[in-house]
Amino acid sequence: MRDVIIACDFSSKEQTLAFLDRFTGRKPFVKIGMELFYACGPDIVREIKARGHKIFLDLKLHDIPNTVRKAMSVLSHLDVDMTNVHAAGTVDMMRAALEGLTRPDGTRPLLIAVTQLTSTSEERMQRELLIGATINDTIAKYAENAKTAGLDGVVCSPLEAELVKNHCGAEFMTVTPGIRFADAAADDQVRITTPARAREIGSDFIVVGRPVTAAEDPVAAYERCCREFIGE
């Protein structure tokens, strides 16, 4: 199951497709986030899917259960492979998301929940969000809630992947952004590690943005990620 997901955080269709055109002979798993989806709408999802890519639609839904259920019902028609919500929305909201995402024939994309963003430190979580528990205890509880709701896994930093597996089982997926090469800058991420270390501590998928998209040779950077994380 292990794979590298490229975060296509571009602001236009032209930029995105030009970037993907560089991957001749390969069809990387790609993440479409808020920036690209809000710029181009659902058509960009359909076009990238038609090109043969797997898609993680990263919109992080977080609202009352009924609203999330209806939104997920709409997204279920886009034929993405994975999408997500915020675990902070409660077990009821996550259950509603799962209901909305499940098509009449019983099929659905993978559904995962964001625990804490990789830009959030424990100090800021406690001071600004007034969450008194440790970041590890918070992430473990949010992951347990996601499992209770029937979700497939969570988004967490790679540093918490092993923790999540210990609490929720080896089959519960961990999708981990916050990936940087050992010789790269951290940018605005706080809880980060390398592709090789992410593999060692239990990540199932790593999400890699700027280390690939901003690289002088994105294809070479992607292939380096695959070598370090998957072993290809």
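The values are calculated or read from the model by the stated rules, or taken from the named source; none is laboratory data. Being a predicted model, the structure only gives us computed values, none of them experimental. Methodologically, a virtual Cβ is constructed for each residue, glycine included, from the backbone with ideal geometry; neighbour enumeration extends over all protein chains shown. These area figures cover heavy atoms from the full protein model, side chains too; ligands, DNA and RNA do not enter into them. Shrake-Rupley method; radii C 1.70, N 1.55, O 1.52, S 1.80 Å.
Candidates are the residues of the range 101-125 that are open to solvent by less than 10 Å² (accessible area, probe 1.4 Å) and in contact (Cβ under 8 Å) with a residue 24 or more places away in the chain; the one that is farthest from Val154 (Cα to Cα) is Leu101. Filtering the range 13-25 to residues that are part of a loop (DSSP other than H, G, I, E, B), open to solvent by 30 Å² or more (accessible area, probe 1.4 Å) and in contact with a helix residue (DSSP H, G or I) (Cβ under 8 Å, 6 or more places away or on another chain) leaves only Arg22. Count of the range 80-116 residues, restricted to those that are under 17 Å from Ile5 (Cβ atoms) and part of a strand (DSSP E or B), is 8. For the range 209-225, indicate whether the set of residues that are among the charged types (D, E, K, R), closer than 26 Å to Gln15 by Cβ, in contact with a Phe, Trp or Tyr (Cβ under 8 Å, 6 or more places away or on another chain) and touching a residue at least 12 places away in the same chain (Cβ under 8 Å) is non-empty. Among the residues of the range 209-225, at least one is among the charged types (D, E, K, R), closer than 26 Å to Gln15 by Cβ, in contact with a Phe, Trp or Tyr (Cβ under 8 Å, 6 or more places away or on another chain) and touching a residue at least 12 places away in the same chain (Cβ under 8 Å), which makes the answer yes. Any idea which residue in the range 59-79 is nearest to Phe29 (Cα to Cα), counting only those that are outside any helix (DSSP H, G or I) and without any contact (Cβ under 8 Å) to a residue 40 or more places away in the chain? Checked the range 59-79; the qualifying residue nearest to Phe29 (Cα to Cα) is Asp79.
Set side by side, the residues Asp3, Asp9, Asp79 differ, and just one is touching a strand residue (DSSP E or B) at 6+ places or on another chain (Cβ under 9 Å), closer than 16 Å to Val208 by Cα, modelled with pLDDT under 95 and of a type in the set (Asp, Glu), which is Asp9.
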